[in-house]
Structure formats: structure tokens, C-alpha cells
1. Would a scan of the range 354-366 turn up a residue that is touching a residue at least 12 places away in the same chain (Cβ under 8 Å), in contact with an Asp or Glu (Cβ under 9 Å, 6 or more places away or on another chain), farther than 30 Å from Asp286 by Cβ and open to solvent by 90 Å² or more (accessible area, probe 1.4 Å)?
2. Could you grab me the full set of residues in the range 217-237 that are in contact with an Asp or Glu (Cβ under 8 Å, 6 or more places away or on another chain), closer than 18 Å to Phe369 by Cβ and in contact (Cβ under 8 Å) with a residue 60 or more places away in the chain?
3. What single numbered condition from (1) surrounded by fewer than 22 Cβ atoms within 10 Å (Cβ to Cβ); (2) part of a helix (DSSP H, G or I) fails to hold for Ile51?
4. Do we have Ala407 as open to solvent by less than 30 Å² (accessible area, probe 1.4 Å), of a type in the set (A, V, I, L, M, F, W, C), outside the structural domain of Cys83 (by the TED database) and over 21 Å from Gly92 (Cα atoms) here?
5. Pairs under 6 Å by beta carbon, first residue assigned by the TED database to the domain that holds Ile77 in the range 238-251, partner not aromatic (Phe, Trp, Tyr), six or more apart or different chains?
6. So for the range 141-155 (the condition being within 22 Å of the chain's Cα centre (by Cα), surrounded by fewer than 21 Cβ atoms within 10 Å (Cβ to Cβ) and aliphatic (A, V, I, L, M)), does at least one residue qualify?
7. What residue, among those in the range 320-353 that are within 18 Å of Phe384 (Cα to Cα) and of a type in the set (Asp, Glu), is least open to solvent (accessible area, probe 1.4 Å)?
8. Give the residue, chosen from Glu15, Glu112, Glu97, that is under 30 Å from Gln184 (Cβ atoms), surrounded by fewer than 19 Cβ atoms within 10 Å (Cβ to Cβ), touching a strand residue (DSSP E or B) at 6+ places or on another chain (Cβ under 8 Å) and not hydroxyl-bearing (Ser, Thr, Tyr).
Amino acid sequence: TCPGRVICKLLCSGEKEVDLAVQSAKAAFQVWSQLSGMERSRVLLEAARIIREQREEIATLETINNGKSIFEARVDIDISWQCLEYYAGLAGSLAGEHIQLPGGSFGYTRREPLGVCAGIGAWNYPFQIACWKSAPALACGNAMVFKPSPFTPVSVVRLAEIFTEAGVPKGLFNVVQGGVATGQFLCHHPDVAKISFTGSVPTGIKIMEMAAKGIKPVTLELGGKSPLIIFSDCALENAVNGALMANFLSQGEVCCNGTRVFVERKILDAFTKEVVKRTQKIKVGDPLLEDTRMGALINRPHLERVQGFIKQAKEQGAQVLCGGDLYVPDDPKLKNGYYMRPCVLGNCKDDMTCVKEEIFGPVMSILPFDTEEEVIERANNTKFGLAGGVFTRDIQKAHRVVAALKAGMCFINNYNISPVELPFGGYKASGFGRENGRAAIEYYSQLKTVCVEMGDVESVF
């Protein structure tokens, strides 16, 4: 990998290309939607098998595409094929229900596909997000036109090739490339039935506005500023591991990261000391090396934005306990890379910008607290509601606290675990709708009710 250099050029899809992609998907939908769930299942299983078989090659492509460590990219690819397998398993069991009515009459419901769905992905998990969106969409009988982020356009093209190899009808999963304009053409297209978007809150708002004009359902998986609550009765080493997982995966570029780390005052010093020690040991550098644990941030403007947050935090009184500076690897080929050292901020207050706004970089803010009631109130005092976590040995307290957290994805004594069997999504400004689990089926299908009269129609006229 050569950071800061162009690896390939792709043409932006204009209105004409988007229309061609949608029309092609619409034609494929006519064939795919008529197959039985079991027939669709076999194709999805074959796609999962190909991904599993080509795990190393796709992970390497993803690392070059995004800058994350090869170690993490492999995990992303594993989650991707597991997602396809999971929805392949559900495809054959999708069903409605039969309801008995008076006099031998009855009703039944049918779960039917929506049509052509638009998927708009983010740059932090390019391949995985494309699988999270396409697997339930295709399992339900839909087609999908997917637009990856212009910063990470490459790996999704490989997914499209894999679906074709696996036997989906030509055009069932199409990829269009580009930025805002391409996304707008996709959202406004009259033949797009639904939009699923992962990204920032401001873009989510715009997508919702565009979808409203065509009365299209949307799934929005947006930003977060999630709380991670560490009680004094936790297993300290476990809590430190959790805090690192909650802040530094994918260079901190994760929407559900637990970046507000609330630590009970009794263990504040011990926890902080251990977190700083461990953070300083994180190996930053060439993401293709096996022992690298943190690669490069996505691009220079984003790196500068994250640096700006740290500068502002210092001005507002936060203390940089470690990291936060730019990192220049020894390898001369990497000297233009967008690297920084993971950062831990102490002396943080709830009203600081670094505590209120999503940084989307490797920056952890530590905040002391004294009581359970106080920390719940502070944890919920945010416009976001994507995730939250708690570390404690008191299991009653753990369940009590997560029940009180206004967040869609909560973790007890772990963090940033995303099994495909569990629904994923947020509350409040973090969006609505769910990815993964059985819940996603609801967002990629529609319910038809059929009422059957077995006697004569009784007219009131």
C-alpha cells in the first residue's frame, strides 16, 4: 500500500448510469422475486462460500481500500460471509400467517419484497456494510443498487462479481460509483422502492427529505457518541480491554464507539493509568503487516478534522494523557500516510466539544462519576442513541443500567461485538430501522393482507 497515492480511478455514475443500473435491477427483480425462498437460499450460500474461500484476497483488498489493519479486515470479511449464511438460512422460512374468521371465512398475510432497494454505504466498513444491506434484501426477494463511499469504492465491486459468480440474475446487485450527486439520482429515482443508508446525521436528514418526496421507506444507521460506563466493581483488566475495543477499532472510525468513558471515581486513577499504558503499546503503521493494530485514517481532511478536535479539547481544558500526535512510520513508502497515535483525554467535562460531538477518530474521553443515577442521566444527555456499554460484576445493576440507557445497541461486559444474529440500530438522532437479525426482514419486505369470504356477501345497500 502506498498511502496518499491514487490506486485506481473510477468514473462517477451520472443520471443515465443510475437509471441503467435501476432498470437492470428491476428486470432481475422480476426473475429473482419469483423464486422460492429455498432457491434464493442456495445462491446466497454459494456467495458466502466464495467469500469464505477468498477471505485473504478480499481482506487484503479491503485494507488497501480503507487503511484498516489486515487483522481487522479479516474479521470484517468473516462477518460478511456469516451474514449471507444467516439470511440464506432465513430465506426459506419467510412466511405469513393464517387467521380464522367467522363462518368458515379466513384471512392470510403474505410477506412480499419491495422491489429495487438502494443501499448507500459508509467508508469505515465498505464490504461488510454492503453485505449487511444486500443479504436481507436479496433473501426477501428484492434487487439492490448499491453506492459505496467515493473514498472506498473498490471492494463492493468485488462483491457484485461474487454475487454474479454465485448465480444471481444479471443486474440483481448493481454498483454505482460517485458522491452526493449520484446518491441524489438514486434517492429520487421513481423505480427505487426503499433506501438504506449508513453514514452521518446531516446526510441522513437529506436522504430522509428526498425519500419523503416519493414516500419511500428508509433505514438510517447514523452517528453516535455512545457512553461506556465502568463501575468500580468491574473486572478492571476486562474493562480496560472493553474501553480499547470501544474506541480504537478501525482507527476509531466506528459509529457505535463508546467514546464517552464514564469511570467511577474510586477506580479512576487505576483505570486511567492502565488504559494509557495499553494505548501507548498499540502498534500503528503499515496495515498489511500482521502485527499492526492500527492503520491509517481514511484521508487527509479527516485526519486534520480529528486533529482539530484534539486541539480544541486542549483549549477547553482537557488533558492529553497520551497520543493525539501525527505518526510517521519508519518505512519511507509510508511517510505520506494519514497516521496518528491513539489518544486518551483526561480532565474531561460533559460540556466540552470532544465529549458532545462525534470525532470519528482514535480519541477516548474519560469522565469521572460518583453514583449510578448520576451517570445514567449524563449518559443519556446526548442527541445520539446508537450504543452504550456497562462493565460491572453486579449483573442486576448491569441489566438495570442498560434498561435505563436510551440506546439501540447495548453491551454488558464487552463492547463492539456485532453478531449477525442480533439486530443493530439506534434511537434518537442515531437513526431508525435495523440491520441484522430477524428484525431486518421487516425493513426489506412488506405485508399484504388477503381476506377470503366463504359465504355470500352481506350488503348494507
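The values are calculated or read from the model by the stated rules, or taken from the named source; none is laboratory data. Nothing here was measured: the structure is a model prediction, and the numbers come from that model. Neighbour counts run over all protein chains shown; Cβ positions are idealised from the backbone, glycine included. Side chains included, ligands, DNA and RNA excluded: accessible areas come from the protein's heavy atoms. Shrake-Rupley method; radii C 1.70, N 1.55, O 1.52, S 1.80 Å.
1. Applying the first criterion (touching a residue at least 12 places away in the same chain (Cβ under 8 Å)) to the range 354-366 yields 354-366.
Checking the rest, the ones that are also in contact with an Asp or Glu (Cβ under 9 Å, 6 or more places away or on another chain) come to 356, 360-362.
Going one step further and asking which of them are farther than 30 Å from Asp286 by Cβ, we end up with 356.
When the remaining residues are screened for being open to solvent by 90 Å² or more (accessible area, probe 1.4 Å), the result is 356.
Yes, that holds for at least one residue.
2. Step one: list which residues in the range 217-237 are in contact with an Asp or Glu (Cβ under 8 Å, 6 or more places away or on another chain), which gives 219, 221, 223-225, 230-233, 236-237.
Now restrict to residues that are closer than 18 Å to Phe369 by Cβ: 225, 230-233, 236.
Answer for the range 217-237, where residues must be in contact with an Asp or Glu (Cβ under 8 Å, 6 or more places away or on another chain), closer than 18 Å to Phe369 by Cβ and in contact (Cβ under 8 Å) with a residue 60 or more places away in the chain: Lys225, Ile230, Phe231, Asp233.
3. The number of the failed condition is (1).
4. Numbers: open to solvent by less than 30 Å² (accessible area, probe 1.4 Å): yes; of a type in the set (A, V, I, L, M, F, W, C): yes; outside the structural domain of Cys83 (by the TED database): yes; over 21 Å from Gly92 (Cα atoms): yes.
Yes.
5. Note: no pairs meet the criteria.
6. Yes - at least one qualifying residue is present in the range 141-155.
7. So the first thing to find is which residues in the range 320-353 are within 18 Å of Phe384 (Cα to Cα), and the list is 349-353.
Imposing the further condition that a residue be of a type in the set (Asp, Glu) reduces the set to 350-351.
Values: Asp350: 55, Asp351: 112 Å².
Applying the filter and picking the extreme gives Asp350.
8. On the way: Glu15 fails: touching a strand residue (DSSP E or B) at 6+ places or on another chain (Cβ under 8 Å); Glu97 fails: under 30 Å from Gln184 (Cβ atoms).
Only one candidate qualifies: Glu112.
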